[in-house]
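The values are calculated or read from the model by the stated rules, or taken from the named source; none is laboratory data. Treat the numbers as computed from the prediction; the structure is a model and nothing was measured. When we count neighbours, we look across all protein chains shown, and the Cβ atoms used for this are built from the backbone with ideal geometry, even at glycine. Just so you know, the surface numbers come from the protein's heavy atoms only, side chains and all, with ligands and any DNA or RNA stripped out. Shrake-Rupley method; radii C 1.70, N 1.55, O 1.52, S 1.80 Å.
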Amino acid sequence: MSAVTAALADGWVVAKRNLIKIKRIPDLLIFSTIQPIMFVLLFAYVFGGAIIIPGISYREFLMPGIFVQTVAFGAGITAIGLADDLQKGIVDRFRSLPMSRAAVLVGRTTSDLINNIFVVVVMSVTGLLVGWRIHTGVLDGIYGYLLLFAFGYAMSWISAVIGLSVKSVEVAQSAGFIWMFPLTFLSNAFVSTATLPGWLQPVAEWNPISSMVLSLRKLWGNVSSDPVYNGSGFPAEHAIPLAIGWIVLILIIFVPLAISRYRKAASR
């Protein structure tokens with residue numbers, strides 16, 4: 001059995017262990033689902049009436065941003081889960097077993113991906129209830145979801161590095177989420193980047209969150225009739241290939257970095 005096959009097989013065993021943990025502690029899933037629903041309702045009904053987007057309702061403009069924010073924030077669970085396993089000595093037990101060293105990371109990121117899929121399904125139903133629709137074909141709709149899940153999976157590897165770099169669950173909880181807020185809000189997720197100060201606009205347009213959000217808007221037909229609200233320049237014109245590029249780049253950097261941090265953390 002090759003190293004990759006072993007990592008995938010052992011990783012799936014670890015993923016099932018993490019999913020069983022969620023089943024036994026359903027509060028984890030409940031609260032991770034409630035938060036994005038609250039964001040949808042707050043932005044749709046509290047701020048939605050004050051924000052006008054030409055050619056489309058703000059709720060439809062909003063939903064791709066909420067989807068991307070949800071999977072990005074959902075990746076923070078990876079940091080908490082790994083920090084918890086390290087603190088409780090679970091990782092030491094895994095080290096004593098004849099299993100791939102990468103299995104713990106593959107299993108954790110896989111189980112968190114499955115958790116994200118469930119949350120996104122709930123979010124999709126919520127979006128339909130508030131007026132969001134996919135106006136393109138079935139293939140484009142599926143492509144959008146696959147791109148969304150791939151991005152969430154890539155973000156989990158960033159969180160894995162964070163979870164393996166801190167010394168407690170409490171620190172992991174803070175460190176795993178605090179950087180998400182500027183990354184998410186300094187983007188086109190909730191408003192057009194044209195409304196930002198001039199010096200911030202290039203930063204927001206090249207933000208991977210912005211590339212993902214605009215890609216989903218294009219794939220799902222949730223773009224504004226006014227080009228200003230869809231961004232400008234290279235990031236806006238090539239949103240989908242740029243989003244794929246961000247996913248690949250994140251995985252190339254953070255997968256080996258996470259494995260390296262795991263080896264160091266497990267040997268402490």
Under the condition of being within 18 Å of the chain's Cα centre (by Cα) and of a type in the set (G, A, S), which residue from region 102-129 is farthest from A160 (Cα to Cα)? G127
Expected single match for open to solvent by 10 Å² or more (accessible area, probe 1.4 Å), of a type in the set (F, W, Y) and touching a residue at least 12 places away in the same chain (Cβ under 8 Å) among F181, F118 is F118
The residue that is nearest to I134 (Cα to Cα), considering only those in region 212-231 that are at pLDDT below 95, of a type in the set (S, T, Y) and surrounded by 14 or more Cβ atoms within 10 Å (Cβ to Cβ), is S224
Pairs under 6 Å by beta carbon, first residue closer than 23 Å to I52 by Cα in region 219-242, partner in a helix (DSSP H, G or I) and open to solvent by 60 Å² or more (accessible area, probe 1.4 Å), six or more apart or different chains? L219/D140; L219/Y143
Residues that are open to solvent by 30 Å² or more (accessible area, probe 1.4 Å) and out of contact with any Leu (no Cβ under 7 Å at 6 or more places or on another chain), drawn from region 201-211: Q201, P202, E205, W206
Quick one: is I209 part of a helix (DSSP H, G or I), free of Cβ contacts under 8 Å to residues at least 40 places away in the same chain and among the β-branched types (V, I, T)? no
Among I66, I80, I52, I56, which is the only one that is in a helix (DSSP H, G or I) and open to solvent by 10 Å² or more (accessible area, probe 1.4 Å)? I80
Residues that are in a helix (DSSP H, G or I) and open to solvent by less than 10 Å² (accessible area, probe 1.4 Å), drawn from region 131-146: G141, G144
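Could you please find all residues in region 191-206 being among the small types (G, A, S), part of a loop (DSSP other than H, G, I, E, B) and under 21 Å from A44 (Cα atoms)? Can you show your working first?
Within region 191-206, the subset among the small types (G, A, S) is 192, 194, 198, 204.
Now restrict to residues that are part of a loop (DSSP other than H, G, I, E, B): 192, 198.
The answer is S192, and nothing else.
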For N188, the lone unmet condition from (1) polar (S, T, N, Q); (2) in a loop (DSSP other than H, G, I, E, B); (3) surrounded by fewer than 18 Cβ atoms within 10 Å (Cβ to Cβ) is (3)
